[in-house]
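Okay, so here's the structure we're looking at.
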Amino acid sequence: MNVRVPLDLRAADSASERSVLRERGQREVFCGLTSIVWLHRKIRDAFFLVVGSRTCAHLIQSAAGVMIFAEPRFATAILTERDLAGAADVNEELDRVVARLLERRPEIKLLFLVGSCPSEVIKIDLARAARRLSDANAPRVRVVAYSGSGLETTFTQGEDACLAALAPSLPEENPADGPSLLVAGSLADIVEDQFARLFAALGAPRVRFFPARGAEDVPPVGPNTRVLLAQPFLGETARALEARGAQRISAPFPLGAEGTTAWLRAAADAFGVAPSRFDAATSEARARAEVALARHRAILAGKRVFFFPDSQLEIPLARFLAQEMGMIPTEVGTPYLNRQLVAEDLALLPVGTRLSEGQDVDRQLDRCRADRPDLTVCGLGLANPLEAEGLATKWSIELLFAPTQGYEQAGDLAELFVRPLARLAALEV
Ligand code: SF4
């Protein structure tokens, strides 16, 4: 569900190169449980058991749009009146639910216990429960806990919390194997395959993706591992991998032709790939991406775009729209600004772009109305009211569900921003 959290007010960051409006008012974003929608498709033999309320069950069910008889790989252990009244031992109940689940679904190799908001859930030590259940079900099933609570996470932070919880259990790399590249962050399989081919053409050593498609396909990590983030919302994951000795490669995110080239080049430079080899490996795909983008640039160039904070993809997306499509970002809002992770994209934003971190939704709506942008990127809850006011909107969650990274998807990414403008133009006609 959308979470509205009243907090205290804001402060500007004068010490930074770019000033940031810090908002701490009500926010309108989905909670971290939403990330189960794409994570359960990515890690194919994992199961996500939300420990929560009926609200959590409804959110997951409707967000994933899966029929109950489709045997989805997620479910909610709903706290009942008995649990709430303290009449039942919650840990015993949880053990019983998990035992029944694993008996019915022997294909499950990795079970996530996902925490949620209700205070009764917060009181349960899910990390301890996960250790107990892991011991009881080893070696067949690994059990890992993380929080998807709306009090702690916005929707993409659910993935961050999930991967950060997995990172400590990744195997130690063998120093004799030499350097390796770990690409962290969920990517559509088709995008992952394209990147794997590009990295092979570049000669990057021992490339692995995290999360992998299978729960047992766990990439090793250690001081010889160079981490390249594929998603900008993985601050905790990056920290957890760095705590294992891995070194992060700084790069813009692989959106559009320029972003993808810079992302691949950062990895190529980290492994000493010769410029001639880099050009040979990337030039054809890059040229295809540039042709695909040119068509959409004619429509998007000069248009003004406003981002409400939602997915933490906002800064790389604004960089793509400004640098590659000629759009003018008026405000770029992000739920959390991790300056280190988005430093390269941030540096490429036009001077004068207003940045905001966190949300005070009413004040931000006022700024949006004052700006009258050609396109507003926002969550589902804000899109309809803004459309009713004649503003073209783009649902930010779509930008996460659609495959958007890499050369072959560059044109599709641009088209996602063109469509609402075309729709509004058609309605006006
Ligand atoms: Fe709502 Fe919290 Fe459950 Fe998310 S985790 S659906 S915000 S109750």
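The values are calculated or read from the model by the stated rules, or taken from the named source; none is laboratory data. Nothing here was measured: the structure is a model prediction, and the numbers come from that model. Neighbour counts are summed over all protein chains in view; Cβ atoms, including those assigned to glycine, are modelled from backbone coordinates with ideal geometry. For the accessible areas, the whole protein counts, side chains as well, though only heavy atoms, and no ligand, DNA or RNA atoms are used. Shrake-Rupley method; radii C 1.70, N 1.55, O 1.52, S 1.80 Å.
Some observations on this one:
- Pairs meeting the criteria (first residue in the stretch 13-24 and within 13 Å of Thr353 (Cβ to Cβ), second residue at pLDDT 85 or above and in a loop (DSSP other than H, G, I, E, B), beta carbons under 7 Å, at least 6 apart or on different chains) are Val20/Leu337.
- If you filter the stretch 24-59 down to residues that are of a type in the set (A, V, I, L, M) and within 11 Å of the ligand (Cβ to nearest atom), you find that the one that is farthest from Ile108 (Cα to Cα) is Val29.
- Output for the stretch 111-155, where each listed residue is within 16 Å of the ligand (Cβ to nearest atom), open to solvent by less than 50 Å² (accessible area, probe 1.4 Å) and part of a loop (DSSP other than H, G, I, E, B): Ser116, Cys117, Pro118, Ile124, Gly148, Ser149, Gly150, Thr153, Phe155
- Checklist (1) crowded, with 20+ Cβ neighbours inside 10 Å; (2) assigned to a helix (DSSP H, G or I) applied to Ser276, failing item: (1)
- Single residue of Leu413, Leu427, Leu346 found to be over 21 Å from Ser186 (Cβ atoms) and either touching a Gly at 6+ places or on another chain (Cβ under 8 Å) or open to solvent by 70 Å² or more (accessible area, probe 1.4 Å) (or both): Leu427
- Exclusive hit being modelled with pLDDT under 90, of a type in the set (A, V, I, L, M), assigned to a helix (DSSP H, G or I) and open to solvent by less than 40 Å² (accessible area, probe 1.4 Å), set Val66, Val98, Val37, Val5: Val37
- Among the candidates Leu337, Leu264, the residue that is surrounded by 17 or more Cβ atoms within 10 Å (Cβ to Cβ) and modelled with pLDDT under 95 is uniquely Leu337.
- Residue that is nearest to Thr153 (Cα to Cα) [pool: residues in the stretch 358-375 that are open to solvent by less than 40 Å² (accessible area, probe 1.4 Å) and not in a helix (DSSP H, G or I)]: Gly358
- Filtering the stretch 72-88 to residues that are exposed (fewer than 11 other Cβ atoms within 10 Å of the Cβ) and either among the charged types (D, E, K, R) or at pLDDT 85 or above (or both) leaves only Glu81.
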